[in-house]
Amino acid sequence: MSSSTTESLSASHPPTTVDVTMPQMGVSVAEGTVVAWRVEVGDRVAAEQTICEISTDKIDTEVPAPVGGVVAEIIVGVEETVEVGVVLARIATGADAGDAILPPPSAPAPGDAILPPPSAPEPGDAILPPPPAPEPTSPSGRRRYSPVVQRIAAEHDIDLSAVVGTGRDGRVRKQDVLAFVDANGAEPAEPPMHIESPYRPDPSPAPAAVAGARVEAASPGAAPASPGADGGGLSRMRRQIGQHMKRSLDTAATCTTWIEADMGRVEAARARLGVTALAFVARATIEALREYPALNAWLEGDRYTRVDDVNLGIAVSLGDDGLIVPVIHRAHELSVEGLAARIRELARRARDRSLSADDVAGGTFTITNPGRYGSIMATPIINQPQVGILDLEAVVKRPVVLTDPQGTDSIAIRPMTILGLSWDHRALDGVLSAQFLAGVKRRLEGVVV
Amino acid sequence: MTTMTYLQAISSALRDELRADERVLVMGEDVGVFGGAFKVTDGFVEEFGGDRVMDTPLAESAIIGCAVGAAVVGMRPVCEMQFADFISCGFDQLVNVAGRMHYRQGLAVPIVVRLPSGGGFSGGPFHSQNPEALFMHSPGLKVVAPSTAADAKGLLHAAIHDPNPVCFMEHKHLYRRVKGDVPEGVFETPFTARVARPGSDLVVIAYGAMVDVALEATSDLEGASIEVLDLRSLVPLDEDAVLDSVARCSKVVIVDEANMTCAAGAQVAALIAEKAFEDLDGPVVRVATPDVPIPFSPPLEQAVLPGVDRVKEACRELLNY
């Protein structure tokens with residue numbers, strides 16, 4: 001790359017626009033809805049800066065600016081639903097766009113350097129691209145930020161130009177940006193929450209005016225006002241869980257059947273393998289579903305579909321935020337150890353909010369397992385459009401009557417659990433549910449230690 | 001627990017090993033009848049005999065070469081270089097023979113080379129060096145450098161038990177200056193770093209004699225919360241501990257008593273640049289001896305070695321950044 005090339009490129013840069021499109025968020029996602037715009041026409045944005053929030057039927061996410069520049073046009077409004085690939089907005093780059101951080105992808109000539117030419121035509125001048133969207137506040141020109149400051153700012157969605165620096169020459173130090181976070185009570189911008197329903201943390205109340213601060217939360221046409229945690233309103237995730245659960249109860253003819261199972265062998269085997277009882281219950285459930293495939297199915301209106309694969313949903317609590325049901329696809333192909341590993345991984349990713357849309361799609365049957373607090377029975381609500389959900393509660397030592405092969409009864413202390421199956425009476429009848437539960441029980445009690 | 005000096009801790013570890021394991025033997029210049037130049041092996045020849053506490057000729061290459069041979073046939077020799085500086089005479093045996101044996105022939109070489117290192121006592125250019133980075137650069141060798149009496153004993157036990165050749169950097173200036181509680185008997189200190197003092201505003205990373213310098217320099221820096229991380233082991237380098245400190249503190253000063261270029265601290269700085277970039281809130285600052293031999297002259301020596309004032313100044317500068 002010669003410097004003359006660079007010069008001519010930056011000098012003759014015509015103002016161009018780059019399209020921002022509805023992203024593909026997983027193979028099963030075809031369309032998305034704009035939930036909120038974080039920018040307005042005329043705002044300057046940095047590459048990768050979030051410009052809007054979108055939700056799909058599976059997940060919620062943010063759309064980053066593909067390039068730096070100025071928002072030239074917002075095409076899709078809030079609450080509008082469009083297909084993947086549709087243009088949401090346009091960003092103007094180039095000479096007229098002011099301090100565009102990066103040139104549009106088309107700008108560098110083939111064989112050019114990997115990094116975009118800096119605006120100063122001195123090759124090798126800057127190793128790093130300039131910091132995002134800096135507002136020159138010091139006489140020496142634009143401010144530079146250390147990596148940790150940029151990271152914290154990105155995590156908390158902070159406009160660094162609003163942060164007062166106390167370092168040398170007004171430099172923003174880590175403690176400055178942390179103090180800014182504290183002072184403004186800015187919620188860390190959580191990565192998108194993946195669940196059957198869209199969810200984003202509630203916007204924090206607009207912070208008291210800070211000199212020069214852009215209050216990002218007050219985006220135009222934000223989702224219907226929902227008060228923060230203090231205000232008593234429900235978070236979006238809670239609302240969505242509520243709607244989902246209520247719809248299930250309104251739709252299905254829900255009935256719950258229980259069976260007791262002796263977990264002695266499972267307890268011994270799981271100690272040996274170092275896995276949870278849940279993995280054994282999952283394996284036994286999968287085998288019972290293969291025996292009674294009527295429960296591995298979807299019922300949508302009048303349409304009843306038995307599914308060949310067992311795609312097993314596992315309910316994962318997210319604490320106060322709610323819960324999510326990641327799916328182990330083709331779970332019938334996994335051993336107990338394999339299931340245990342997948343459950344661990346999905347639970348971790350659920351808590352990290354790093355599940356993809358496909359991770360929560362396609363479940364054919366669900367297991368919920370809130371038993372570690374000692375509760376013994378529940379009436380779980382079916383995860384629509386599935387027809388059954390199995391509830392595993394605590395394993396409790398109880399006196400039980402055992403009958404030996406000679407028919408002699410004795411009382412023994414055994415680790416027992418009560419498995420609860422909620423099933424949809426529209427799709428099947430009580431005999432089948434009891435047979436299925438007996439199948440699960442038989443397998444749990446026959447686990448090879 | 002017994003209170004002992006750094007030197008007594010090293011003696012104690014050697015004595016315990018000689019008593020516990022007949023494969024252990026000690027060899028070096030004047031380690032027998034004279035008890036060692038620093039008296040680390042004082043009284044050993046009387047207790048263990050000349051076969052296990054061997055006086056050798058003034059030939060570092062022969063000392064290490066013999067030790068390698070003994071190790072290959074099942075012994076656990078501990079060689080003393082009278083001064084770490086003299087290791088250059090045994091370089092080939094250590095680097096090319098001991099360090100490569102496992103890779104070439106699949107044979108373990110469980111030797112320990114004790115290297116009394118470091119300056120600060122007007123020893124001049126041949127008796128003050130810190131050659132540890134030479135061995136960090138050479139695959140097949142481990143390198144440890146204790147800063148406390150307890151670590152001196154625990155690391156020496158671990159080094160003798162280790163199946164690899166281990167360079168044990170014992171700092172001469174700490175021998176009689178550092179005292180501390182040391183557990184009784186044989187115990188191993190892992191080859192990992194140790195947080196000498198926790199903090200949150202800045203971390204000083206050091207090892208050997210520089211740990212004390214770092215602690216003293218940062219004991220009261222206008223109320224700033226300064227962490228001091230004692231590396232203890234240079235190979236293997238405890239990357240997790242370094243990255244953990246950097247993640248919490250975001251500002252880093254690295255202190256080497258060795259000459260600046262390609263010192264252990266350079267490796268630590270490279271690690272941080274590569275793996276902790278997004279945790280940094282300022283440049284990684286190094287304090288080390290400039291690339292000159294250590295002068296005899298006491299004031300000149302004090303001028304080149306990293307001292308409390310230089311570390312203090314570096315920390316102040318970085319805190320204000």
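Results for (1) of a type in the set (Phe, Trp, Tyr); (2) within 14 Å of chain A (Cβ to nearest Cβ), shown as yes or no for each residue.
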site	(1), (2)
B:Ile254	no, no
B:Leu280	no, yes
B:Val292	no, no
B:Ala314	no, no
B:Tyr321	yes, yes
Out of the residues in region B:174-209 meeting the condition of being more than 16 Å from the chain's Cα centre (by Cα) and of a type in the set (Val, Ile, Thr), tell me which one is nearest to the other protein chains (Cβ to nearest Cβ).
B:Val203
Can you name every residue in region B:72-104 that is out of contact with any Asp or Glu (no Cβ under 6 Å at 6 or more places or on another chain), assigned to a helix (DSSP H, G or I) and within 19 Å of B:Val31 (Cα to Cα)?
B:Ala84, B:Asp85, B:Ile87
Go through (1) farther than 22 Å from B:Asp30 by Cβ; (2) of a type outside the set (A, V, I, L, M, F, W, C); (3) more than 15 Å from the chain's Cα centre (by Cα) and name the single condition B:Asn130 misses.
(3)
Have a look at B:Ala37, B:Ala62, B:Ala13 and point out the one that is aliphatic (A, V, I, L, M), surrounded by fewer than 19 Cβ atoms within 10 Å (Cβ to Cβ) and assigned to a helix (DSSP H, G or I).
B:Ala62
So A:Pro385, is it surrounded by 15 or more Cβ atoms within 10 Å (Cβ to Cβ), closer than 22 Å to A:Ala277 by Cα and of a type outside the set (S, T, N, Q):
no
Based on this model, can you work out whether B:Pro293 counts as under 15 Å from B:Gly118 (Cα atoms), touching a strand residue (DSSP E or B) at 6+ places or on another chain (Cβ under 7 Å) and modelled with pLDDT of 95 or more?
no
Quick check: is even one residue across region B:169-178 touching a Ser or Thr at 6+ places or on another chain (Cβ under 9 Å), in the same structural domain as B:Ala314 (by TED's automatic domain parsing) and either over 30 Å from B:Gly90 (Cβ atoms) or surrounded by fewer than 21 Cβ atoms within 10 Å (Cβ to Cβ) (or both)?
no
If you go through B:Pro163, B:Pro116, B:Pro146, the only one that is of a type outside the set (Phe, Trp, Tyr), buried (at least 24 other Cβ atoms within 10 Å of the Cβ), assigned to a loop (DSSP other than H, G, I, E, B) and at pLDDT 95 or above is B:Pro146
Return only the number of the condition from (1) touching a helix residue (DSSP H, G or I) at 6+ places or on another chain (Cβ under 9 Å); (2) buried (at least 22 other Cβ atoms within 10 Å of the Cβ) that B:Val211 does not satisfy.
(1)
Output yes when any residue across region A:291-307 is surrounded by fewer than 19 Cβ atoms within 10 Å (Cβ to Cβ), out of contact with any helix residue (DSSP H, G or I) (no Cβ under 8 Å at 6 or more places or on another chain) and part of a helix (DSSP H, G or I), and no when none is.
yes
Of the residues that make up region A:410-430, is at least one in a helix (DSSP H, G or I) and either in the same structural domain as A:Leu278 (by TED's automatic domain parsing) or more than 26 Å from A:Gly322 (Cβ to Cβ) (or both)?
yes
One residue from B:Phe91, B:Phe135 being farther than 29 Å from B:Asp244 by Cβ and not basic (Lys, Arg)
B:Phe91
Does B:Phe83 fit the bill of being surrounded by 16 or more Cβ atoms within 10 Å (Cβ to Cβ), closer than 24 Å to B:Ala149 by Cβ and more than 24 Å from the chain's Cα centre (by Cα)?
no
Give the residues of region B:239-251 that are within 12 Å of B:Gln267 (Cα to Cα) and either crowded, with 19+ Cβ neighbours inside 10 Å or within 13 Å of chain A (Cβ to nearest Cβ) (or both), sorted by residue number.
B:Val242
Criterion first (surrounded by fewer than 18 Cβ atoms within 10 Å (Cβ to Cβ), closer than 19 Å to A:Val440 by Cα and not basic (Lys, Arg)) does A:Glu333 satisfy it?
yes
Please specify each residue of region A:144-172 satisfying the condition of being more than 9 Å from chain B (Cβ to nearest Cβ) and closer than 18 Å to A:Glu48 by Cα.
A:Arg144, A:Tyr145, A:Ile152, A:Ala153, A:Ala154, A:Glu155, A:His156, A:Asp157, A:Ile158, A:Asp159, A:Leu160, A:Ser161
Exactly one condition in (1) assigned to a loop (DSSP other than H, G, I, E, B); (2) at pLDDT 95 or above is not met by B:Glu184; state its number.
(2)
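The values are calculated or read from the model by the stated rules, or taken from the named source; none is laboratory data. Keep in mind it's a predicted model, so treat the numbers as computed, not measured. Note that we place each Cβ from the backbone using ideal geometry, even for glycine, and neighbour counts take in every protein chain shown.
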